[in-house]
Amino acid sequence: MRFLVMVKATKASEAGIMPSTKLLEDMQKFNEELVKAGIMLAGEGLHPSSKGKRLRFDGETRTVIDGPFAETKELVAGFWIWQVKSMDEAVEWLKRCPPPHADGGEIEIRPLFELADFGDAITPELRESDERLRAQTGIKR
Amino acid sequence: MTATDTQRAIETVWRMESAKVIAGLTRIVRDVGMAEDLAHDALVSALEQWPTSGIPRNPAAWLMAAAKHRAIDHFRRHKMLERKHQELGHELETQQESVPDFDAALDDHVGDDMLSLIFTACHPVLSTEARVALTLRLLGGLTTEEIARAFLVSEPTIAQRIVRAKRTLADANVPFEVPRGAELAGRLSSVLEVIYLIFNEGYSATAGDDWMRPGLCEDALRLGRILAELAPAEPEVHGLVALMEIQASRAAARTSATGEPILLLDQDRARWDQLLIRRGLSALQRAEQLGVARGPYVLQAAIAACHARARTASETDWAAIVAIYEELARLMPSPVVELNRAVAVSMASGPAAALDLVDAIRSEPVLKSYHLLPSVRGDLLVKLGRFDEARPEFERAASLTRNARERELLLERARDAQRRVVPGP
């Protein structure tokens, strides 16, 4: 199973304050453990939301909104993609993660949809038309 | 936290740590079976103590320490110390202690111990199926029940297989070590074979109703990725990882809505997993940067990479694929490799050149009941407009395949060839 593990932003990360050497070292060590265990598929850190943009969809209108964005605790400051056996395993791994920011913070784990998750809910016909759509639009599951 | 939560957390920690604990213990007691028993005792202690004491801050260290105490108890109880001293020889004698220095032994060698455990579980003294079962159990952290379910074999059969494998290792006095020098290449190829076999059983199941069992693919990939970090200087390890990552990237594209297999060139490439492709390509690069002659896994990964890099089937670099098959054929000559090379040649230079290659291997005994030989030959004959010769090839291929859907397809091709035969004068 794959999981998106999202490191949430804090005031410090949003202010663009770079983590201390100690924190970088600890995080590096943790990343090495993840790689050695064969579970880390990807991982990146993100610039503060002041460098980001959002698009709002309203009917046919598309509005571009410049960062920074307000709800700091809901913003994402970095992410991993892990492949582990279960949510329990993802949780156990995350417990071993050093605190992500000098001022604490929160990390959220969300399972990615896998083919099997669609199960019987998606009939062959539905799936076929979905595949046609995806082929036309180039959207990838 | 409820009792069930705690129990689940313990089981999860166990799954994550058991390989390391067993590996560390094996180094000390020199017997995989005994090490597993001792490690299991530590798990039982955790199940007894953690629900009341709470889960320790560092559960892995706790398990390791508990297992270590069990090992010391064991040594004392059985008064085996002196005998073990003699068996272990120099290493322990030099420590000048009444009991071995477990702390040092457990902490210093995690990487080496894991690697030794992999080599032990995949030792050539064991049958292939025993190696697979033992590897999944000891390194993959799977239970006997899970292995049985994955391979559609009964649980007692797998349990028996594991018990016998451990006994065989003990009887043969297989040393717990990472093989060096001349022995290494052969032993490593046995390890890679086991991992690829697990992957393939998941990728194209040989038995049962499911065309794929993704759980096994994930287990194999994880083992491969772990091995790549333990033995980073071995190009074939990275080659195998690259091959598995790229093959896994096609998982979502290789079955139709109704469950039929879709061949590589007909797959919707928008459904290929780009993250896995990128990982595969970088593993291949890691292998090639080591700068030695390319081995079988690196070459197969290089072929898979040619397909992965092509955005559409028509953009495939067939000339490059033919060249790699030639390298592979020189390295490990086999009729199956030749047949694959012929298919690539037909794409690169046309059906006539390919037919010559196929005809050269037609009488190979290995291919006698291999349905792909007549199927490929029939396909080439159709491309050459020789429909009357193509029909019996498809019929023969249909009689050899064990897959009902494939048989239907081949018979249809035979009928189609028949229809296109131009009546003689």
Inset, instruction - Look through the stretch B:1-25, keep the residues that are part of a helix (DSSP H, G or I) and free of Cβ contacts under 8 Å to residues at least 24 places away in the same chain, and return whichever of them is farthest from the other protein chains (Cβ to nearest Cβ). - result: B:THR4
Inset, instruction - Run B:SER53 past the list (1) small (Gly, Ala, Ser); (2) within 14 Å of another protein chain (Cβ to nearest Cβ); (3) over 23 Å from B:MET114 (Cα atoms) and report the number of the one that doesn't hold. - result: (2)
Inset, instruction - Within the stretch B:150-168, identify whether any single residue is small (Gly, Ala, Ser), farther than 23 Å from B:TYR297 by Cβ, out of contact with any Leu (no Cβ under 7 Å at 6 or more places or on another chain) and touching a residue at least 60 places away in the same chain (Cβ under 8 Å), and answer yes or no. - result: no
Legend entry - Checklist (1) more than 12 Å from the chain's Cα centre (by Cα); (2) part of a helix (DSSP H, G or I) applied to B:ALA293, failing item: (2)
Inset, instruction - Tally the residues that are outside any helix (DSSP H, G or I) and not charged (D, E, K, R), restricting the search to the stretch B:40-62. - result: 4
Inset, instruction - Could you check B:ARG131 against (1) part of a helix (DSSP H, G or I); (2) surrounded by fewer than 19 Cβ atoms within 10 Å (Cβ to Cβ); (3) basic (Lys, Arg) and say which number it fails? - result: (2)
Inset, instruction - Can you work out which of the residues in the stretch B:6-39 that are farther than 24 Å from A:GLU33 by Cβ and at pLDDT below 90 is surrounded by the fewest Cβ atoms within 10 Å (Cβ to Cβ)? - result: B:GLN7
Legend entry - Selection within the stretch B:167-221 - at pLDDT below 90, out of contact with any Lys or Arg (no Cβ under 8 Å at 6 or more places or on another chain), more than 14 Å from chain A (Cβ to nearest Cβ) and not in a helix (DSSP H, G or I): B:ARG180, B:GLY181, B:SER204, B:THR206, B:ALA207, B:GLY208, B:ASP209
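To keep it simple, each residue is scored yes or no on (1) part of a helix (DSSP H, G or I); (2) without any contact (Cβ under 8 Å) to a residue 40 or more places away in the chain.
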position: B:SER369; (1), (2): no, yes
position: B:GLY378; (1), (2): yes, yes
position: B:LEU381; (1), (2): yes, yes
position: B:GLU389; (1), (2): yes, yes
position: B:PHE394; (1), (2): yes, yes
position: B:ARG402; (1), (2): no, yes
position: B:ARG405; (1), (2): yes, no
position: B:GLU408; (1), (2): yes, yes
position: B:GLU412; (1), (2): yes, yes
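Of all the strands (runs of 3 or more DSSP E) wholly in the stretch A:1-106, which have at least 3 residues that are farther than 30 Å from B:ALA231 by Cα and either charged (D, E, K, R) or touching a helix residue (DSSP H, G or I) at 6+ places or on another chain (Cβ under 7 Å) (or both)?
Numbers: elements: A:2-8, A:40-45, A:53-58, A:61-66, A:76-83.
It comes to A:53-58.
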Inset, instruction - For the stretch B:137-165, enumerate the residues that are under 17 Å from the mean Cα position of the chain (by Cα) and assigned to a loop (DSSP other than H, G, I, E, B). - result: B:LEU139, B:GLY140, B:GLY141, B:LEU142
Inset, instruction - Please work out which residue is farthest from B:LEU221 (Cα to Cα), limiting yourself to the stretch A:69-89 and to residues that are within 14 Å of another protein chain (Cβ to nearest Cβ) and aliphatic (A, V, I, L, M). - result: A:MET87
Inset, instruction - Run down B:ALA304, B:ALA323 and say which single residue is under 20 Å from B:ALA344 (Cα atoms), of a type in the set (A, V, I, L, M) and in contact (Cβ under 8 Å) with a residue 40 or more places away in the chain. - result: B:ALA304
Legend entry - Pairs, first away from chain A (no Cβ under 14 Å) in the stretch B:226-237, second surrounded by 18 or more Cβ atoms within 10 Å (Cβ to Cβ) and among the small types (Gly, Ala, Ser), C-beta under 8 Å, six or more apart: B:PRO235/B:ALA287; B:PRO235/B:GLY295; B:GLU236/B:ALA287; B:GLU236/B:GLY295
Legend entry - Unmet requirement for B:LEU240, which otherwise passes all of (1) more than 14 Å from chain A (Cβ to nearest Cβ); (2) crowded, with 22+ Cβ neighbours inside 10 Å: (1)
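Checking the structure you have, find out if any residue of the stretch B:256-272 is in a helix (DSSP H, G or I), more than 14 Å from chain A (Cβ to nearest Cβ) and over 14 Å from the mean Cα position of the chain (by Cα).
Yes; the residues of the stretch B:256-272 include at least one that is in a helix (DSSP H, G or I), more than 14 Å from chain A (Cβ to nearest Cβ) and over 14 Å from the mean Cα position of the chain (by Cα).
The values are calculated or read from the model by the stated rules, or taken from the named source; none is laboratory data. None of the values given here were measured: they were computed from a predicted structure. All Cβ positions, even for glycine, are placed from backbone atoms using ideal geometry, and neighbour counts span all protein chains on display.
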